[in-house]
Amino acid sequence: MSLIEQAGRICQQKGERFTPIRQKVFGLLEASDGARTAYELLDELAKDMPNARPPTIYRALEFLQQMGFVHRLDSRNAFVLCTHFEDHHAAQFLVCDQCGSVAEIHMPAVMKSLRTEAVNLGFDVHSETVELHGLCKDCH
Ligand SMILES: [Zn+2]
Ligand SMILES: [Zn+2]
């Protein structure tokens, strides 16, 4: 099953509508290498849907994030498709500052330690995305 079919199935199970625009944004993110900003996505979307406006794309991205299909890369205000969205999870990324590639990594044990420490310090966590910046193996 393709990723978009998996996403469609999850939406169906949760009683959410995977509308054409949501599917389109999902597809654009799936096709892109690295993270894309809302405006880059809007430019792409406008080729097929000339009536698309910023709120259209922001609503679609918000939905995709809520469903756990897409992660937001805070440092770039950009979005990345998650390829294992069956389970909601906090995202950890390796971000190349030269070519812009973004690799999602999975360190649940690290996240658990971070959460525990935050609780110990009485800190209320609202966003859990972790980004490590540097140079990817092609760039260094
Ligand atoms: Zn993910
Ligand atoms: Zn690189």
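Taking the criterion of being surrounded by 12 or more Cβ atoms within 10 Å (Cβ to Cβ) and in contact (Cβ under 8 Å) with a residue 40 or more places away in the chain, the residues of the stretch 33-59 that qualify are Gly34, Ala35, Arg36, Thr37, Ala38.
Going by the structure shown, is His89 surrounded by 14 or more Cβ atoms within 10 Å (Cβ to Cβ) and away from ligand 2 (no atom under 16 Å from the Cβ)? Taking the combined requirement at face value, the residue satisfies it.
Cβ-Cβ distances below 6 Å connect the following pairs, each with a first residue in the stretch 72-100 that is under 18 Å from Glu62 (Cα atoms) and polar (S, T, N, Q), a second residue that is open to solvent by 10 Å² or more (accessible area, probe 1.4 Å) and within 14 Å of ligand 1 (Cβ to nearest atom), and a separation of six or more residues or different chains: Ser75/Glu131. If you check Thr19, Thr83 for being loosely packed, with under 15 Cβ neighbours inside 10 Å and either within 16 Å of ligand 2 (Cβ to nearest atom) or within 30 Å of His140 (Cα to Cα) (or both), only one passes: Thr83.
The values are calculated or read from the model by the stated rules, or taken from the named source; none is laboratory data. Only a predicted model underlies this, so the values are computations on that prediction, with no experimental measurement involved. Backbone-built Cβ (ideal geometry, glycine too); neighbour counts: all protein chains shown. Calculation scope for accessible area: heavy atoms of the full protein, side chains included, ligands and nucleic acids excluded. Shrake-Rupley method; radii C 1.70, N 1.55, O 1.52, S 1.80 Å.
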